[in-house]
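I have placed the structure first, in the form of structure tokens, so that the comments after it can refer back to it.
The values are calculated or read from the model by the stated rules, or taken from the named source; none is laboratory data. All figures in this text were calculated on a predicted structure; none of them were measured in a lab. Here the Cβ positions follow ideal geometry from the backbone for every residue, glycine too, while neighbour counts run over all protein chains shown.
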Amino acid sequence: MHTNLAAQINSFLAAMILLTAFGMLVQRRMYGLIHLFAWQGLFLSISTAIVGFVAGAHHLYISSILTLSLKVILLPYILHVLIQRLKIHKEVETIVNVPMTMLIGIALVIFSYHLTAPVRELSTLMTRSTLAVALATVLLGLLMMITRKHAVTQIIGFLAMENGLFFAATSATYGMPLVVELGVALDILIAAFIFGIFFFQIHTTFDSLDIEQMARLKEED
Amino acid sequence: MTAIASLLMVAAGGWTVGKGLTNQIILPIGLPDLLFHLRLDPLSGFFLTVIGLLSFFVSIYSLGYVKGFLGHRSITTLVIFYCLFIAGMFMVVLADDALFFLISWEVMAAASYFLVMFEDEKIENRRAAFLYMIVAHVGAIAILLSFGVLAGLTTGFQGFSGYTFDAMRATRFPLGWATAAFLLSFFGFAAKAGVIPLHVWLPEAHPVAPSNVSALMSGVMLKTAIYGIVRITFDLIKVFPWWWGAIVLVFGLVSAVLGVLYALMQHDLKRLLAYHSVENIGIILIGIGLSMIFTSFQMPLLAALALTAGLFHTMNHAMFKGLLFMGAGAVLHATHERNMEEMGGLIHKMPWTAAFFLVGCISISALPPFNGFISEWLTFQAFLLSPSLPNPLLNLLIPMGAALLALTGALAAACFVKAFGVTFLGHWRGHHNPNVHEVGWPMRIGMMLAALTCLGLGVLPTLFIEWMDVISEQLVGAKIATSATGLGWMWLTPIAHERASYSGPIVFLFIMAVVVLAYIFLHVRPAAIQRVPIWDCGFEKINQRMQYNATSFSMPIRRIFGFFFSIKEQVRMVSQYGHKAFPKKLHYHLRIRDLFWGWLYKPVIEVSFWVSRKVGKLQQGRIQVYLIYSFVTIIILLVFQG
């Protein structure tokens, strides 16, 4: 495949990842959120595979398959089951209203483009233009964690941040060493399990997954 | 076992000082690339001897003392931390790099913290231990920073290899940085040594620790701080301006005078001794400060004299303060009472302890023929020889210092007349008459050895000074033994025999002769001494509560120096028949507190509480807020990345 074409496809996928990140910011329904997260994982996995193919870094295929199986299939499935078990059908509750969140998100994207401009000048990798998107995805994930009340959305925000980091790794340096990626993948899996257990605990303790309730745990003064 | 180890250390230390050797070992342990360095030179050998000697005595004493705890509390922790504590002190003086020094310093501090905490069911013990821990750590931070400055300068802030003392010795430090390092380390060591105004932990921690531990803490742990000051100024920095010495001198004087004044007001025997430690540290610092001043003016002989005086007093203080704390411990062991107002007449029941305590009292009051006299006399000589200094300000300051030192000596004597008189003489003042016995042999032997050392150092000071002369030769470049023993071993002549000289043995013989004569006159006569009831001045029913007690003894001094204390005095009268002329009961309440607590420590405590309340507001308990913190941090870091 021609490198130029690959770079274009990659840029397109980066755009899709950014779009899903924004989609998650506006999405009000829990199931929609999980689906968007799965889509983001899928784009990430394809992008990784393409980068691996073009750069000849074959361990990226393994990363890609891991991403596909973990972030597209397994984690959304776990979250799905969790939502069904805990009977969360409510809409996503936000602290800051959606248009405002969007505006902040756009500001963050501009900010990350501004930040990575010097890197784009220096780098010769074909993926260099997507670094800004990766950074923006990380920041948007963090923004999502800040602006949402519900514990499950916090988790999805956290996982989206991880997606962004992963994407940054592939776009900036053609991926981390395989050992590191395996470790990270395992960490994510275990984090998901732990979160799942905690959700049940929080749910039984507070009768809700609204993390506002946890403010009660604070020391009195 | 500790006793044997301590004795070995004494031998090692004594041998090193005697031969003027310097041994160095690099231990292949410690952090990677930061090996532990050990070094035994005359200075550390001297301190090793001091620590070892007292540890030896106290270890023997402890054999008897810990029996008092048997049965109602486990002594395992006491034994373990006692050993760790002594080991820590040995390591501090042996350390030859900043890292190992600080590690040993912390081992010593932590072990002594647990020893202070030993009787942890009492709230005052926990409070004292906590206060001690805080002061010790604030001091340790200052020492750490000081070593950091020195080590950084050694390599020009380029690497870590400057952490050994050898590297620091080889460097000449620029004045500004050296001053910063000196001030920091002086602050840190002063906190450990209990120099006023950093002394507050001392009168809290020493009384509550078991007495054998207080003996060690007061006798030798404070000395490790002196060791640190001497090591850093004379050995590592070497060249310094005269005002460093002036700072040390002024702090020494303030500690000496205020320490003894506060001691006079105390009625708790061990608390009184703790305040006396502040005083004696002050006297040692006077010697060291004078020595620094003389060194900076290139007067090696006088510097050697002052340094010898300071170090001699270090040795002496270790001995007599150890002895006094052991004596206080023996009293506590026998009566379970620390308040002097509840004691009295113990000389009849505990003659041995009383005799040893008296030896300690005479030594600390700087009276011949015991050792305290020698070192204070040497300090005075250093003072009196100082008019030759080329600085008018110092020439004004130093005679005043000499006067203050004289005042200190007089007040200390008054204080120990009170301590000994109220505790051992008169009649029992307490409400109930307890069953008091003399303490067991191990305790007596421990005290006896310390008392004999006091006497030996007092009678034959020239031998000791000759032995330790190599230290001043190495540090300030002159020895006084050639002049001190100019007239042979009998006479101690610091500079020249036409100025001043003192002969320990002759004074001792003279005093013994007077004592023997007095005994003969009193006891060799036809009629035996009779004991009769005390004349009650015509009043009726004189009882034992009517004796002259500790509060009455210190009252004149309290009136004169009242402005140094925060005194609260209350007299409340309960009257009869509704008129003041018929008093029924009189309540007298007196509370004397340290002035520094209110002046210096309260504001610091309040500010730190205020700050922590403000910081506590950051803890909202909401995850989003915490996330915003990290979000903002990331954004700010990214903005300022270039």
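Numerical summary
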{"item": "Filter result for the condition that a residue is within 30 Å of B:ILE465 (Cβ to Cβ), over 30 Å from the mean Cα position of the chain (by Cα) and not aliphatic (A, V, I, L, M), over B:PHE510, B:PHE521, B:PHE582", "result": "B:PHE510"}
{"item": "Yes/no for B:TYR82 being within 20 Å of B:ILE143 (Cβ to Cβ) and either outside the structural domain of B:GLY322 (by TED's automatic domain parsing) or in a helix (DSSP H, G or I) (or both)", "result": "no"}
{"item": "Condition check for B:ALA170: buried (at least 24 other Cβ atoms within 10 Å of the Cβ), assigned by TED's automatic domain parsing to the domain that holds B:THR77, over 30 Å from B:GLN266 (Cα atoms) and hydrophobic (A, V, I, L, M, F, W, C)", "result": "no"}
{"item": "Lone unmet requirement of (1) crowded, with 23+ Cβ neighbours inside 10 Å; (2) facing another protein chain (nearest Cβ under 8 Å); (3) modelled with pLDDT under 85 for A:PRO118", "result": "(1)"}
{"item": "So A:LEU165, is it under 18 Å from A:LEU18 (Cβ atoms), part of a helix (DSSP H, G or I), within 11 Å of chain B (Cβ to nearest Cβ) and out of contact with any Pro (no Cβ under 9 Å at 6 or more places or on another chain)", "result": "no"}
{"item": "Of the criteria (1) free of Cβ contacts under 8 Å to residues at least 40 places away in the same chain; (2) more than 26 Å from B:LYS238 (Cβ to Cβ), which one B:SER112 fails", "result": "(1)"}
{"item": "Filter pass, B:TRP177 being surrounded by fewer than 24 Cβ atoms within 10 Å (Cβ to Cβ), without any contact (Cβ under 8 Å) to a residue 40 or more places away in the chain, out of contact with any Lys or Arg (no Cβ under 6 Å at 6 or more places or on another chain) and not assigned by TED's automatic domain parsing to the domain that holds B:LEU285", "result": "yes"}
{"item": "Which listed residue is hydrophobic (A, V, I, L, M, F, W, C) and within 19 Å of the chain's Cα centre (by Cα), from B:ALA402, B:ALA413", "result": "B:ALA413"}
{"item": "Single residue of the range A:133-156 satisfying the filter (surrounded by 24 or more Cβ atoms within 10 Å (Cβ to Cβ) and away from chain B (no Cβ under 12 Å)) that is nearest to B:TYR626 (Cα to Cα)", "result": "A:ILE156"}
{"item": "Criterion: over 19 Å from B:LEU455 (Cα atoms) and free of Cβ contacts under 8 Å to residues at least 40 places away in the same chain - qualifying residue of B:HIS336, B:HIS348", "result": "B:HIS348"}
{"item": "For B:SER630: the one exception among (1) among the hydroxyl-bearing types (Ser, Thr, Tyr); (2) over 39 Å from the mean Cα position of the chain (by Cα); (3) more than 10 Å from every other protein chain (Cβ to nearest Cβ)", "result": "(3)"}
{"item": "Per-region count, the range B:192-220, residues buried (at least 24 other Cβ atoms within 10 Å of the Cβ) and in a helix (DSSP H, G or I)", "result": "18"}
{"item": "Residue in the range B:589-605 that is farther than 25 Å from B:ALA256 by Cα and within 14 Å of chain A (Cβ to nearest Cβ) present", "result": "no"}
{"item": "Check on A:LEU74, out of contact with any strand residue (DSSP E or B) (no Cβ under 8 Å at 6 or more places or on another chain) and crowded, with 22+ Cβ neighbours inside 10 Å", "result": "no"}
{"item": "Residue match in the range B:609-621 (condition: outside any helix (DSSP H, G or I), within 14 Å of another protein chain (Cβ to nearest Cβ) and within 30 Å of A:ALA117 (Cβ to Cβ))", "result": "no"}
{"item": "Criterion: surrounded by fewer than 24 Cβ atoms within 10 Å (Cβ to Cβ) and within 24 Å of B:LEU258 (Cβ to Cβ) - qualifying residue of B:ALA402, B:ALA328, B:ALA354, B:ALA334", "result": "B:ALA402"}
{"item": "First in the range B:37-50 and closer than 16 Å to B:ASN316 by Cα and in a helix (DSSP H, G or I), second anywhere and among the basic types (Lys, Arg) and at pLDDT below 80, Cβ under 6 Å, 6 or more apart", "result": "none"}
{"item": "Total residues in the range B:589-642, condition without any contact (Cβ under 8 Å) to a residue 12 or more places away in the chain and in contact with a Lys or Arg (Cβ under 6 Å, 6 or more places away or on another chain)", "result": "1"}
{"item": "Test for B:SER575: is it of a type in the set (Gly, Ala, Ser) and within 14 Å of chain A (Cβ to nearest Cβ)", "result": "no"}
{"item": "Failed item, numbered, when B:LEU131 is tested on (1) buried (at least 22 other Cβ atoms within 10 Å of the Cβ); (2) in contact with an Asp or Glu (Cβ under 6 Å, 6 or more places away or on another chain)", "result": "(1)"}
